[in-house]
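The structure appears below as structure tokens.
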Amino acid sequence: MEAHSSEVFVIGLTVFFLACIIGYYVVWSVTPALHSPLMGVTNAISSVIIVGAILASGPQGFDTSKIFGLIGVVLASVNIFGGFLVTYRMLSMFKKKTKKNKGK
Amino acid sequence: MSSNMVAILYLISALLFIFALRGLSHPESSRTGNIFGIIGMIIAVFTTLMFKSVLSYYEIGAAILIGGAIGSFIALRIEMTALPQLVAAFHSLVGLAAVFVAAAAFYDPVAFNIGKVGSIKVASLIEMSIGTFIGAITFSGSVLAFGKLQGTISGKPIVFKFQHLINALIFLLIIFLIIFFVVNQSPTIFWTIVVVSIILGFLVVIPIGGADMPVVVSMLNSYSGWAACGIGFTLSNNLLIITGALVGASGAILSYIMSKGMNRSIINVVLGGFGGEQDASASKDNSDKIVKQGNAEDAAYIMKNADSVIIVPGYGMAVAQAQHALREMGDILKKEGIEVRYAIHPVAGRMPGHMNVLLAEANVPYEEVLELDEINHDFPMTEVSFVIGANDVTNPAAKTDESSPIFGMPILDVEKSQSVLFVKRSMATGYSGVDNELFYSDNTTMLFGDAKKMCEDIVKSLSA
């Protein structure tokens with residue numbers, strides 16, 4: 001598989017622009033009240049960069065590249081777990097309150 | 001696993017991410033959305049682990065466990081008032097991760113199918129260095145934003161001579177370094193790009209003041225997306241490109257909404273320095289004007305006799321952690337049959353949606369929390385506006401005084417309600433350094449003190 005022929009790049013570019021347009025419309029439909037959770041989710045999903053880090057950590061043995069990859073995996077994991085959890089915490093506060101819950 | 005299978009699984013994962021964002025269009029669908037996001041991430045990670053070249057499961061598993069434990073610990077422990085700095089800290093990690101992935105690809109191009117050491121394809125080198133550049137800026141910019149939000153570093157904008165010229169020159173230097181890097185593929189130049197980009201990230205955020213942080217945090221959110229995109233192009237990975245573009249677009253739109261909320265262009269915010277030097281003359285002429293002061297009992301009396309109250313919270317409420325006491329006050333008023341609603345200005349707080357989360361934390365039903373456009377026309381029919389920890393976003397000078405630095409900024413028309421209660425620590429000006437003429441108005445009562453204490457005292461007087 002020959003990555004990075006010019007076709008691959010053009011396909012990437014196509015995907016990129018279409019994704020930008022989808023992002024544009026989807027994000028405008030987000031209600032302003034949920035802009036903080038939006039940041040939490042985008043934070044978590046941008047850590048999908050972990051995919052690249054896993055590939056770098058893949059080979060057996062230890063070399064520079066693998067160490068960088070593993071550091072990348074750790075950093076991205078902090079974000080993935082942290083981002084989704086903090087978003088979960090925020091969103092669970094936005095539950096409909098049928099009865100007034102007293103206390104915290 | 002065949003490469004087609006991989007592509008399909010990545011596609012599913014990308015679609016799930018889009019649904020995750022789509023879910024946020026309403027609080028009721030948002031939780032399902034978050035679960036979609038989590039499933040998408042699990043699919044992406046496991047698909048990658050199935051690659052033939054990925055063999056070191058123990059090391060990777062350990063790395064995920066370590067990172068996951070740290071992330072979970074922080075996310076579960078963090079106070080909701082500290083959300084903005086948490087988000088900034090997380091952004092810095094995405095940036096740093098991007099740098100490390102790019103470095104890994106540079107040192108072992110074979111693993112990523114982009115050539116051999118010393119003869120990496122030109123396109124990959126360009127994409128790699130752009131990813132590194134954006135990642136490094138995101139990293140250092142976010143670290144500085146974190147410091148400013150946390151209070152470790154002064155929130156005051158730091159401005160010095162030739163700031164923009166220096167930034168522009170550094171940017172040019174980075175472009176030259178990238179060209180140089182593409183030509184001779186030297187590791188030294190790679191790390192020079194990293195270091196210089198880190199410096200640029202600091203310099204870009206340093207002139208931006210505390211209350212501009214909603215824009216900065218959104219912008220860094222956007223950058224972290226573009227960094228992921230850059231890496232996506234390097235690895236020819238559509239999932240990374242799509243996700244990066246979604247995040248990039250999201251951050252860009254939030255930045256746009258925030259700067260519009262301040263009637264400033266993004267460029268203007270980025271160049272920074274706003275509100276640093278206060279124009280002393282602006283506040284002078286008001287020194288002899290009379291301010292009507294009140295205490296908690298007065299406030300309780302005024303609100304008890306009203307039919308409708310609109311509460312306008314600002315960053316001061318977050319600082320004082322007053323949201324719970326405020327909600328209690330609202331509950332008592334509602335029990336008295338008074339209509340209580342909350343009005344949120346787009347730039348209230350230190351990150352987009354900051355106030356909404358704090359009110360939700362205090363169990364305020366989200367139906368009672370309204371945005372500027374939804375509630376602004378209701379102020380003339382409202383008896384009492386209760387402004388707590390906000391200032392500039394209520395300043396009528398934004399509509400009337402063309403010379404005011406905040407002229408043109410959309411504001412909440414609290415001055416149109418019959419009476420205004422202002423909870424404030426002192427007469428100090430808001431972030432913009434502009435005096436608020438509303439303080440001296442006949443129908444305004446100033447309630448000086450800590451926001452939380454004041455709410456608690458009002459609650460006491462109301463229940464007495």
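The values are calculated or read from the model by the stated rules, or taken from the named source; none is laboratory data. Nothing here was measured: the structure is a model prediction, and the numbers come from that model. As a convention, Cβ positions derive from the backbone with ideal geometry for all residues, glycine included, and neighbour counts pool all protein chains shown.
Kindly state which strands (runs of 3 or more DSSP E) lie completely within segment B:342-450 and contain at least 2 residues that are modelled with pLDDT under 90.
Working: elements: B:369-371, B:384-388, B:419-424, B:444-448.
Filter on segment B:342-450 gives B:419-424, B:444-448.
Please verify whether segment B:130-148 includes one or more residues that are more than 16 Å from the chain's Cα centre (by Cα), of a type outside the set (S, T, N, Q) and within 11 Å of another protein chain (Cβ to nearest Cβ).
yes
If you check B:Gly337 against the conditions, is it surrounded by 24 or more Cβ atoms within 10 Å (Cβ to Cβ), part of a loop (DSSP other than H, G, I, E, B) and out of contact with any His (no Cβ under 8 Å at 6 or more places or on another chain)?
no
Among the residues in segment A:45-62, are any facing another protein chain (nearest Cβ under 7 Å), of a type in the set (A, V, I, L, M), without any contact (Cβ under 8 Å) to a residue 40 or more places away in the chain and more than 17 Å from B:Ala44 (Cβ to Cβ)? Give the steps one after another, and end with the answer.
Start the filter on segment A:45-62 by keeping residues that are facing another protein chain (nearest Cβ under 7 Å), which leaves A:45-60.
Of the ones still in play, those that are also of a type in the set (A, V, I, L, M) are A:45, A:48-51, A:53-56.
Cutting the leftovers down to without any contact (Cβ under 8 Å) to a residue 40 or more places away in the chain gives us A:45, A:48-51, A:53-56.
Applying the additional criterion that residues be more than 17 Å from B:Ala44 (Cβ to Cβ) yields none.
Looking for residues that are facing another protein chain (nearest Cβ under 7 Å), of a type in the set (A, V, I, L, M), without any contact (Cβ under 8 Å) to a residue 40 or more places away in the chain and more than 17 Å from B:Ala44 (Cβ to Cβ), one finds none in segment A:45-62, hence no.
Hey, could you check segment B:218-248 for residues that are more than 7 Å from every other protein chain (Cβ to nearest Cβ) and among the aliphatic types (A, V, I, L, M) and say which is surrounded by the most Cβ atoms within 10 Å (Cβ to Cβ)?
Residue satisfying both the conditions and the ranking: B:Ala227.
Among the residues of segment B:290-299, are any at pLDDT 90 or above and exposed (fewer than 15 other Cβ atoms within 10 Å of the Cβ)? Lay out the reasoning, then the answer.
Taking segment B:290-299 as the starting set, the residues that turn out to be at pLDDT 90 or above are none.
For segment B:290-299, residues at pLDDT 90 or above and exposed (fewer than 15 other Cβ atoms within 10 Å of the Cβ): absent.
Hey, among B:Lys121, B:Lys156, which residue is within 14 Å of chain A (Cβ to nearest Cβ) and either crowded, with 24+ Cβ neighbours inside 10 Å or in contact with a Gly (Cβ under 9 Å, 6 or more places away or on another chain) (or both)?
Values: B:Lys156 fails: within 14 Å of chain A (Cβ to nearest Cβ).
After applying the criteria, what remains is B:Lys121.
What pairs can you find where one residue is in segment B:47-75 and of a type in the set (D, E, K, R), the other is surrounded by 18 or more Cβ atoms within 10 Å (Cβ to Cβ) and in a helix (DSSP H, G or I), and their Cβ atoms are less than 7 Å apart, with a gap of 6+ or different chains?
Listed by first residue and then by second, the contacts come to B:Glu59/A:Ser57; B:Glu59/A:Leu70.
So how many residues does segment A:27-57 have that are surrounded by fewer than 24 Cβ atoms within 10 Å (Cβ to Cβ) and out of contact with any strand residue (DSSP E or B) (no Cβ under 7 Å at 6 or more places or on another chain)?
3
Within the set of pairs 6 or more residues apart or between chains, which connect a residue that is under 12 Å from B:Pro207 (Cβ atoms) and charged (D, E, K, R) inside segment B:154-165 to a residue that is modelled with pLDDT of 75 or more and in a loop (DSSP other than H, G, I, E, B) with Cβ atoms less than 9 Å apart?
Taking only residues 6 or more apart or on different chains, the pairs are B:Lys156/B:Gly209.
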